[in-house]
1. What single numbered condition from (1) farther than 20 Å from F119 by Cβ; (2) at pLDDT below 85 fails to hold for H37?
2. Looking at this structure, is Q85 closer than 27 Å to I16 by Cα, free of Cβ contacts under 8 Å to residues at least 40 places away in the same chain and not hydroxyl-bearing (S, T, Y)?
3. Quick one: in the stretch 101-122, of everything that is in contact with a helix residue (DSSP H, G or I) (Cβ under 7 Å, 6 or more places away or on another chain) and part of a helix (DSSP H, G or I), which residue is nearest to I49 (Cα to Cα)?
4. How many of the residues in the stretch 53-81 are of a type outside the set (F, W, Y) and over 18 Å from T18 (Cα atoms)?
5. How many of the residues making up the stretch 9-65 are more than 25 Å from K110 (Cα to Cα) and in a loop (DSSP other than H, G, I, E, B)?
6. Of C7, C41, which residue is touching a strand residue (DSSP E or B) at 6+ places or on another chain (Cβ under 8 Å) and either over 25 Å from R121 (Cα atoms) or surrounded by 15 or more Cβ atoms within 10 Å (Cβ to Cβ) (or both)?
Amino acid sequence: MKLYTICKDCKKEIGIWTWATDRVELKMNHGQDMQLHCNHCKKTNDYLIEDLKAKDNQIAILIGITVFIIGTPTLLIFLWDYIWQSGLYAVFGLVAIIGIPSLIYSVISKNDLDRVRNFNRS
């Protein structure tokens, strides 16, 4: 998860990556405050864990969209003949081909949104 805070000196955004899912876990790993280095003004300051906020992870959303855009045509190409041989079940097959990548995308997006909400709420 990517966490952000504002630099005390130059007021630019500082971002860090962590595997912690909430503030309690982050406090257990780093203590009450963290030393963060601003890449813009090159200064290092102490920041309270409560000052950190989580934002949506654009990489997770990009992975979900990529799975949807690449997964749907790929499944259609590999399963096209099988779907049309089944006759009555062709519609169900097409729905599954579109549904599986969209389900993967929605799960990735929802999990990322839940992690951000849980961190910011704790």
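The values are calculated or read from the model by the stated rules, or taken from the named source; none is laboratory data. Keep in mind that what you see is a predicted model, and the values were worked out from it rather than measured. Heads up, the Cβs are rebuilt from the backbone with ideal geometry, glycines too, and the neighbour counts pull from every protein chain shown.
1. (2)
2. Working: closer than 27 Å to I16 by Cα: no; free of Cβ contacts under 8 Å to residues at least 40 places away in the same chain: yes; not hydroxyl-bearing (S, T, Y): yes.
No: the conditions fail for Q85.
3. As a first pass, look at the stretch 101-122 and keep what is in contact with a helix residue (DSSP H, G or I) (Cβ under 7 Å, 6 or more places away or on another chain): 101-102, 104-105, 108-109, 112, 119, 122.
So of that shortlist, the ones also part of a helix (DSSP H, G or I) come out as 101-102, 104-105, 108-109, 112, 119.
Values: P101: 37, S102: 36, I104: 32, Y105: 31, I108: 26, S109: 25, D112: 20, F119: 11 Å.
Applying the filter and picking the extreme gives F119.
4. Filtering the stretch 53-81 for residues of a type outside the set (F, W, Y) gives 53-67, 69-77, 79, 81.
From the residues that got through so far, the ones that are over 18 Å from T18 (Cα atoms) too are 62-67, 69-77, 79, 81.
Residues in the stretch 53-81 being of a type outside the set (F, W, Y) and over 18 Å from T18 (Cα atoms): 17 in total.
5. 12
6. On the way: C41 fails: touching a strand residue (DSSP E or B) at 6+ places or on another chain (Cβ under 8 Å).
None of the others qualify; the one that does is C7.
Every residue, every condition in (1) in contact (Cβ under 8 Å) with a residue 60 or more places away in the chain; (2) among the aliphatic types (A, V, I, L, M); (3) exposed (fewer than 12 other Cβ atoms within 10 Å of the Cβ), yes or no:
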{"residue": "I16", "(1), (2), (3)": "no, yes, no"}
{"residue": "W19", "(1), (2), (3)": "no, no, yes"}
{"residue": "M28", "(1), (2), (3)": "no, yes, yes"}
{"residue": "M34", "(1), (2), (3)": "no, yes, no"}
{"residue": "K53", "(1), (2), (3)": "yes, no, no"}
{"residue": "I65", "(1), (2), (3)": "no, yes, no"}
{"residue": "G93", "(1), (2), (3)": "no, no, no"}
